[in-house]
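This report concerns only the one structure given below.
Throughout, read-outs are computed from the coordinates displayed, never taken from laboratory work. Predicted model only: the values in this text are computed from it and were never measured. Heads up, the Cβs are rebuilt from the backbone with ideal geometry, glycines too, and the neighbour counts pull from every protein chain shown.
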Amino acid sequence: MHEDTLTEKKRRQENADKARKAAGDWFSEEKWKKIEDGIYLSPNRPIGEKTNYHDELRDAQILRDLGDTVYLVPEQRSKPGRKYDAIVSGMKMEFKNVMGGNDALQKRFLESRYQSPNVFINLEKSNLTHLQVMTALYGARNSAKYPQKGAYNGGKIILKIKGEQELVYLKVDDLRLPQ
């Protein structure tokens, strides 16, 4: 077997192990259903037409295809605390799908800061260019609207930009203006 193939296989296994451990730690009573290779679903998560399930499944497939293991977590509206959509290779992750322009992207990013330290933003249905996406996120991170209290600090942003093959990986704090 080629060394790159062994390295990739090892990375995927490590991601699967981290995701399985986190899912067990955070949702110990959950009976996960395997939806596809590398994607698991809580039976306590609605999947009907009036949900975001199909968009979130697409997001999970994108991440899985690049080596992550994804657990789509139960909706916990009745429980206090922050809500997020998935566990991705051991990390809490919020999924945001953006169809509009700068304002829509900024709004979704700012919302995500209350839901999870990490966010996957799918822009496959948006016409924003790479530069426009980066400018919008930089602007949102440094705006007066950026949450000062009750929100997550730090974290990661993963972007799927329309027309680009590779995902873009950012650290939230790298978008911050120097103090």
Item to check | Normalised contact order of the chain, rounded percent, pairs of Cα under 8 Å and 6 or more residues apart | outcome: 16
Item to check | Cα-projected label distance for Tyr169 with Asp103, points at 7 Å along beta-carbon direction, nm | outcome: 3.5
Item to check | Over 30 Å between alpha carbons, listed pairs Lys10/Lys34; Lys31/Lys96; Lys9/Lys149; Lys31/Lys145; Lys21/Lys125 | outcome: Lys9/Lys149; Lys31/Lys145; Lys21/Lys125
Next on the checklist: For the pair Asn153/Lys9, report the inter-label distance in nm, with labels modelled 7 Å from Cα in the Cβ direction.
Outcome noted: 4.2
Next on the checklist: Using a 10 Å cut-off around each Cβ, can you sort Leu72, Leu175, Leu167 from fewest to most neighbouring Cβ atoms?
Outcome noted: Leu167, Leu175, Leu72
Checklist entry - Using helices alone, what [θ] at 222 nm do you get for the chain, with -39,500 (n - 2.57) per DSSP H run of 4 or more residues, divided over all residues and rounded to the nearest 500? => result -11000 deg cm²/dmol
Checklist entry - Listing Trp32, Trp26 from the residue with the fewest other Cβ atoms within 10 Å to the one with the most, what is the order? => result Trp26, Trp32
Checklist outcome for this item: Two pseudo-spin positions, 7 Å from Cα along C-beta at Gln132 and at Gln179, lie apart in nanometres by 3.4
Next on the checklist: Give me the Å³ per residue figure for the convex hull around the C-alpha atoms of the range 98-179.
Outcome noted: 81
Checklist entry - If we sort 159-165, 102-108 on the protection proxy, mean other Cβ atoms within 10 Å, highest first, what's the order? => result 102-108, 159-165
Item to check | Kirkwood Rh in Å, taken over all unlike Cα pairs in the chain | outcome: 17.0
Checklist outcome for this item: Calc'd 3J(HN,Hα), the range 59-72, phi into Karplus 6.51 cos²θ - 1.76 cosθ + 1.60 (θ = phi - 60°), Hz, glycine/Pro = x, comes to 4, 4, 5, 4, 5, 4, 4, 9, x, 8, 10, 10, 10, 7
Item to check | HN-Hα J in Hz across the range 20-35 - Karplus 6.51, -1.76, 1.60, θ = phi - 60°, x for Gly and Pro | outcome: 4, 5, 4, 4, x, 5, 8, 9, 5, 8, 6, 10, 5, 9, 6, 8
Next on the checklist: For Glu124, Glu56, which order do you get if you count the other beta carbons within 10 Å of each Cβ and list the fewest first?
Outcome noted: Glu124, Glu56
